[in-house]
Amino acid sequence: MALVVQKYGGSSIADGERISSVARRVAKAKDAGNEVVVVVSAMGDTTDELIRLAQQVSAQPSDRELDLLLSTGEVVSSTLLAMALETLGYRAVSLSGAQAGIETDSRYSRARILRVDPKRIISELERGNIVIVAGFQGVTQEMDIATLGRGGSDTTAVALAATLEAKECQIYTDVEGVYTADPRVVPEATKLKKVGYEEMLELASYGARVIHPRAVELGGLYNVPILVASSFVDRPGTIICKEASMEVRNKVSGIVHDTNVAKVTVIGVPDHPGIASAIFEPLANADISVDTIVQNASIEKIADLTFTVTRSDLSRAMSIVETVAKTVEAKRCVADSKLAKVSIVGTGMLDTPGYAAKMFRTLYEQGINIELITTSEIRITCIISEDRVEDAVRALHRAFELEKE
Ligand code: ADP
Ligand code: ASP
Ligand code: MG
């Protein structure tokens, strides 16, 4: 018997009616002769609401308490889905992440999965149960509950699919698949039939919210085929797998954007060895991930150093950098949180000149100023003002001819 792992995101199970409709979809997969493991997110905006509640009672809630609180959202939806399946006459059991054997490190709010012990899931499947696992969470060695970061239920699903050697991990969401741009920003965006792990990882890391980057990374590592499809309509979705089709090779496969960007500039840094490590080591020790880094050419042994972080890390980054700036005798630090990233991604860019020039010209024609630029082998990213990012996405989507035929 084949095993499939299905994952349903928050909007797919936003209320009782939606949960019953998802139960019918899950039942269909079981009727088709599969063993079925389902991973659920919290219902609708539950996670945001729980965060708001925590902020009402505490300016700085403890990491441990916050993670345990947030994990309850997924526990609620998993139990309700199990009940809905039982109502339809199917045997189902819900498990928290800990019960499902998901062991994590103890980095609260961004824990990594260390190991999955699938004993309990396997025994429940052997009893004929459909197994519903609460996504986004695991248990630390100290038996505390840790969450995997926003959007982390995708990672739970792929980790389970890899461990259980599922034939496919199906991510069901509120769009029909992975598109050439966010379909809410570009209604003409095209659904991709297939996309390779490497390209999908860049798309996801630079803003295609539809699947979490760590889920894609795991999928690639364990070679788990991932289907992204709609939980609302029965239409073919996008397959994320090893080989992209010829169709998506040799060109830009998507335009992605991300508004969770803030920039820090340290002005007037003395230009001598050791300065960069003096600034970036304390940031790394504080677990702040730094993205784009630019140091301008020094004039009279004084340079400016600019880097970007996520907006939620900005205040911590600024307080660290302001302290370091004093010790290295830099002039001052400034922050800007009203920025966004827009990226073009595609394996077609490998060794092919002209993509960057076309991107820059398109932004210039829109009167959009580029603040910073970064690239990988298959991606070019420009950091621009947040209020122009959607214009940039639409213009680039047209310029690279990605619209539906
Ligand atoms: P879920 O709750 O199912 O996890 P998310 O809200 O996390 O769903 O992700 C789905 C959303 O991702 C879509 O509603 C869509 O607006 C957004 N999105 C952004 N970029 C893309 C893209 N390139 N293709 C498809 N969806 C995208
Ligand atoms: N509920 C969590 C979130 O909103 C995890 C997820 O949905 O994947 O981020
Ligand atoms: Mg999601």
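Name the residue that is surrounded by the most Cβ atoms within 10 Å (Cβ to Cβ), counting only residues in the range 134-164 that are β-branched (Val, Ile, Thr) and within 16 Å of ligand 3 (Cβ to nearest atom).
The initial filter retains those residues of the range 134-164 that are β-branched (Val, Ile, Thr), namely 139-140, 145, 147, 155-156, 158, 163.
Narrowing the set further to residues that are within 16 Å of ligand 3 (Cβ to nearest atom) leaves 147, 155-156, 158.
On the way: Thr147: 28, Thr155: 28, Thr156: 29, Val158: 31.
Filtering the range 134-164 for residues that are β-branched (Val, Ile, Thr) and within 16 Å of ligand 3 (Cβ to nearest atom), the one surrounded by the most Cβ atoms within 10 Å (Cβ to Cβ) comes out as Val158.
Would you check which residues across the range 177-199 are within 15 Å of ligand 3 (Cβ to nearest atom) and part of a loop (DSSP other than H, G, I, E, B) and list them?
Residues satisfying the conditions are Gly177, Val178, Asp182, Pro183, Arg184.
Being among the basic types (Lys, Arg) and open to solvent by less than 50 Å² (accessible area, probe 1.4 Å) narrows it down to one residue among Lys326, Lys341, Lys331; which is it? Explain how you work it out, then say what you get.
Working: Lys326 fails: open to solvent by less than 50 Å² (accessible area, probe 1.4 Å); Lys331 fails: open to solvent by less than 50 Å² (accessible area, probe 1.4 Å).
Of Lys326, Lys341, Lys331, the one residue that is among the basic types (Lys, Arg) and open to solvent by less than 50 Å² (accessible area, probe 1.4 Å) is Lys341.
Between a residue in the range 90-105 that is closer than 15 Å to Ala159 by Cβ and any residue that is part of a loop (DSSP other than H, G, I, E, B) and among the basic types (Lys, Arg), which pairs come within a Cβ distance under 7 Å, given they are 6 or more apart or on different chains?
Taking only residues 6 or more apart or on different chains, the pairs are Thr104/Arg112; Asp105/Arg112.
Select, from Thr362, Thr352, the only residue that is open to solvent by 10 Å² or more (accessible area, probe 1.4 Å), at pLDDT 95 or above and not aliphatic (A, V, I, L, M).
Thr362
Please go through the range 63-76 and give me each residue that is open to solvent by 60 Å² or more (accessible area, probe 1.4 Å) and either touching a Phe, Trp or Tyr at 6+ places or on another chain (Cβ under 9 Å) or of a type in the set (A, V, I, L, M) (or both), ordered by number.
Hits for the range 63-76 are Asp63, Arg64, Leu68, Val76.
Within the set of pairs 6+ apart or on separate chains, which have a first residue in the range 275-301 that is under 21 Å from Ser376 (Cα atoms), a second that is among the polar types (S, T, N, Q) and in a loop (DSSP other than H, G, I, E, B), and C-beta atoms under 8 Å apart?
From the range 275-301, the pairs are Ser289/Thr310.
Need pairs with beta-carbon distance below 8 Å; first residue more than 16 Å from His397 (Cβ to Cβ) and within the range 190-213, second among the basic types (Lys, Arg) and open to solvent by less than 30 Å² (accessible area, probe 1.4 Å); sequence gap 6+ or separate chains.
These pairs meet every condition: Glu202/Arg379.
Do you know which residues across the range 295-338 are small (Gly, Ala, Ser) and either within 13 Å of Lys263 (Cα to Cα) or part of a strand (DSSP E or B) (or both)?
Result: Ala303, Ser312, Ser315, Ala317, Ala335, Ser337.
Condition test on Ile121, is it touching a residue at least 24 places away in the same chain (Cβ under 8 Å) and more than 16 Å from ligand 3 (Cβ to nearest atom)?
yes
For the range 2-28, which residues satisfy the criterion of being basic (Lys, Arg), within 12 Å of ligand 1 (Cβ to nearest atom) and out of contact with any Gly (no Cβ under 8 Å at 6 or more places or on another chain)? Before the answer, list the steps.
Quick first cut of the range 2-28, residues basic (Lys, Arg) only: 7, 18, 24-25, 28.
The next check asks that each one be within 12 Å of ligand 1 (Cβ to nearest atom); those that pass are 7, 18.
Passing the criteria: only Arg18.
Can you work out which of the residues in the range 271-289 that are at pLDDT 90 or above and surrounded by 16 or more Cβ atoms within 10 Å (Cβ to Cβ) is nearest to Ala330 (Cα to Cα)?
Across the range 271-289, the extreme among qualifying residues is Ile279.
Take the residues of the range 206-231 that are more than 16 Å from ligand 2 (Cβ to nearest atom) and touching a strand residue (DSSP E or B) at 6+ places or on another chain (Cβ under 9 Å): which is most open to solvent (accessible area, probe 1.4 Å)?
Filtering the range 206-231 for residues more than 16 Å from ligand 2 (Cβ to nearest atom) gives 206, 220-225, 227, 229-230.
Then keep just the ones that are touching a strand residue (DSSP E or B) at 6+ places or on another chain (Cβ under 9 Å); that gives 206, 220, 223-225, 227, 229-230.
On the way: Tyr206: 28, Gly220: 33, Asn223: 77, Val224: 6, Pro225: 44, Leu227: 28, Ala229: 5, Ser230: 7 Å².
So, considering only residues that are more than 16 Å from ligand 2 (Cβ to nearest atom) and touching a strand residue (DSSP E or B) at 6+ places or on another chain (Cβ under 9 Å), the one most open to solvent (accessible area, probe 1.4 Å) is Asn223.
For the range 85-117, what are the residues that are more than 30 Å from Asp287 (Cα to Cα) and open to solvent by less than 60 Å² (accessible area, probe 1.4 Å)?
Listed by number, the residues that qualify are Leu85, Tyr90, Ala92, Val93, Ser94, Leu95.
Suppose the filter is touching a Pro at 6+ places or on another chain (Cβ under 7 Å) and either more than 12 Å from ligand 1 (Cβ to nearest atom) or acidic (Asp, Glu) (or both); does Glu176 pass it?
no
Can you tell which of Val131, Val158 is more than 9 Å from ligand 1 (Cβ to nearest atom), over 19 Å from the mean Cα position of the chain (by Cα) and not in a loop (DSSP other than H, G, I, E, B)?
Val131 is the lone residue from the list that is more than 9 Å from ligand 1 (Cβ to nearest atom), over 19 Å from the mean Cα position of the chain (by Cα) and not in a loop (DSSP other than H, G, I, E, B).
Before we move on, is Lys7 within 20 Å of Val233 (Cβ to Cβ) and part of a helix (DSSP H, G or I)?
It is false that Lys7 is within 20 Å of Val233 (Cβ to Cβ) and part of a helix (DSSP H, G or I).
Looking only at the range 14-61, how many residues end up being farther than 23 Å from Ala166 by Cα and either open to solvent by 60 Å² or more (accessible area, probe 1.4 Å) or outside any loop (DSSP other than H, G, I, E, B) (or both)?
22
Just checking, how many residues over the range 1-13 are away from ligand 2 (no atom under 16 Å from the Cβ) and open to solvent by 10 Å² or more (accessible area, probe 1.4 Å)?
Within the range 1-13, residues that are away from ligand 2 (no atom under 16 Å from the Cβ) and open to solvent by 10 Å² or more (accessible area, probe 1.4 Å) number 3.
Condition first: buried (at least 24 other Cβ atoms within 10 Å of the Cβ) and touching a Lys or Arg at 6+ places or on another chain (Cβ under 9 Å). Can you find one or more residues in the range 186-198 that meet it? Break it down into steps so the answer makes sense when it comes.
Quick first cut of the range 186-198, residues buried (at least 24 other Cβ atoms within 10 Å of the Cβ) only: 192, 195.
Still in the list and also touching a Lys or Arg at 6+ places or on another chain (Cβ under 9 Å): none.
The answer is no, given that none of the residues of the range 186-198 is buried (at least 24 other Cβ atoms within 10 Å of the Cβ) and touching a Lys or Arg at 6+ places or on another chain (Cβ under 9 Å).
The values are calculated or read from the model by the stated rules, or taken from the named source; none is laboratory data. These figures come from a predicted structure and were not determined experimentally. Please note: Cβ atoms are built from the backbone with ideal geometry, for glycine as well, and neighbour counts cover all protein chains shown. The area values use the complete protein model at the heavy-atom level, side chains included, leaving out ligands, DNA and RNA. Shrake-Rupley method; radii C 1.70, N 1.55, O 1.52, S 1.80 Å.
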